Amino acid sequence: MTLIMGIVNVTPDSFSDGGRYLDPDTAIAHARSLREQGADLLDVGGESTRPGARRVAPRVEQQRVLPVIEALASEGALVSIDTMNAATAAAAVDAGARLVNDVSGGLADPEMLAAVADLHVDIALGHWRGPSSEMYARADYTDVAREVADELHERVGAAVAAGINPSRIVVDPGIGFGKRGVQNWQTLRALPVFGARGHRVLVGTSRKRFLAETIGDDADLVRRDLATAVTSALAAGAGAWAVRVHDVPTTRDALAVARAWES
Ligand code: PMM
């Protein structure tokens with residue numbers, strides 16, 4: 001059964017919810033409601049990765065996420081830390097996070113993979129071709145699905161070489177990261193390929209630009225969440241382990257319908 005990862009962005013500048021949950025109490029309350037709505041995991045992040053975003057100092061990132069993680073983990077929630085920084089990952093695990101979600105697949109911080117090996121937690125490795133400020137300049141592919149699969153495989157190899165148990169590794173094709181419009185659809189269509197070596201597959205399409213490009217650039221959040229629920233249900237049908245979403249009820253219902261279809 002595909003899990004729902006609810007997004008808790010404790011940032012001033014994430015592209016669809018920046019600034020809404022910057023205060024820890026507001027972020028905690030939001031995360032609690034995602035959990036009540038059916039989120040199986042809560043992904044807490046303190047640095048925006050939206051196109052063009054500036055990097056945040058690890059100290060600031062940690063100030064944002066640690067109180068939120070501590071509160072949620074102490075209530076028994078399964079928490080992941082969305083970070084590209086090894087020190088933040090370690091502090092977050094110390095505060096109770098059980099999964100490190102690194103959209104850069106360990107590339108942004110050379111210390112990341114060794115740090116996670118020492119922490120003995122799961123890690124999600126995202127497909128990434130450079131920081132937000134320059135990722136679209138690197139979106140050149142001859143065969144995007146094959147290149148994403150090969151580059152992810154290389155990151156898995158680096159993680160294992162750093163001492164991470166292969167069973168702890170989740171792969172994520174990094175929808176929207178270094179991919180333009182149709183390249184995201186070509187990547188999603190190849191989803192079963194990314195998990196072919198036995199790793200769990202995580203997919204994040206929530207509210208992303210390529211969805212708006214499909215349903216209309218003026219689509220509001222309600223329409224983007226509906227589009228997200230459809231891609232999440234299709235991802236579930238293609239074997240995704242988890243889908244990362246902002247709006248839990250729409251995706252929860254879509255996954256229930258997809259399950260009924262399959263059963
Ligand atoms: N996308 C964003 C942030 N973190 N993590 C994973 N594993 N996969 C993603 O696709 C992903 C991510 C950017 O989206 P947001 O700014 O709306 O949270």
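The values are calculated or read from the model by the stated rules, or taken from the named source; none is laboratory data. On a predicted model such as this, the values are computed, not experimentally measured, just so you know. For neighbour counting, all protein chains shown are included, and Cβ atoms are generated from backbone atoms with ideal geometry for every residue, glycine included. Note: accessible area is taken over every heavy atom of the protein model, side chains too, but ligands, DNA and RNA are not part of it. Shrake-Rupley method; radii C 1.70, N 1.55, O 1.52, S 1.80 Å.
For residue 58, the shell of other residues with beta-carbons less than 15 Å away shows a net charge of -3, using +1 for Lys and Arg and -1 for Asp and Glu. Mind running the shape call on region 182-263? Use the C-alpha gyration tensor, a ≥ b ≥ c as the square roots of the eigenvalues: rounded below 1.5 for a/c, prolate if a/b tops b/c, oblate otherwise. Oblate, since a/c reaches 1.5 and b/c is not below a/b. Calculated mean residue ellipticity at 222 nm for the chain: -14000 deg cm²/dmol, from DSSP H runs with n ≥ 4 weighted as -39500 (n - 2.57), summed, divided by the residue count and rounded to 500. Annotation: peptides 230-238, 56-64, 73-81, ranked by per-residue average of other Cβ atoms within 10 Å with the highest first, follow the order 230-238, 73-81, 56-64.
Distance between Cα centroids, region 149-198 to region 232-263: provide it in whole Å. Rounded to whole Å, the Cα centres lie 20 Å apart. Cα convex hull, region 128-195: 83 Å³ per residue, rounded to a whole number. Highest mean packing first, where packing is the average number of other Cβ atoms within 10 Å per residue, the peptides 155-165, 209-219, 248-258 line up as 248-258, 155-165, 209-219. Computed from the Kirkwood radius of its Cα pairs, the Stokes-Einstein diffusion coefficient for the chain at 25 °C and 0.890 mPa s stands at 136 µm²/s. Using only side-chain charges placed at the Cβ, +1 for Lys and Arg and -1 for Asp and Glu, the dipole size of the chain relative to its Cα centre rounds to 400 debye.
At 1.4 Å probe radius, can you tell me the per residue accessible area of region 71-211 in Å²? The answer is 38 Å² per residue. Using a probe of 1.4 Å on the protein chains alone, the accessible area found for residue 30 is around 30 Å². Among the protein heavy atoms of the chain, carbon and sulfur supply 52% of the accessible surface, probe 1.4 Å, non-protein parts ignored. Sorting the segments 99-105, 139-145, 194-200 by their mean number of nearby beta carbons within 10 angstrom, highest to lowest, gives 99-105, 194-200, 139-145.
Contact order, relative form, for region 38-173: 22 percent (alpha carbon pairs under 8 Å, 6 or more residues apart, mean separation divided by residue count). Taking one quarter of the surface of the convex hull spanned by the alpha-carbon atoms of region 3-133 gives a direction-averaged projected area of 7.1 nm². Cα centroid separation, region 25-62 to region 108-131: 18 Å. Near residue 118: Cβ cut-off under 13 Å, other residues only, Lys/Arg at +1 and Asp/Glu at -1. The net charge is -1. For region 59-200, the Cβ-based charge dipole about the Cα centre amounts to some 380 debye (Lys, Arg positive; Asp, Glu negative; other atoms uncharged).
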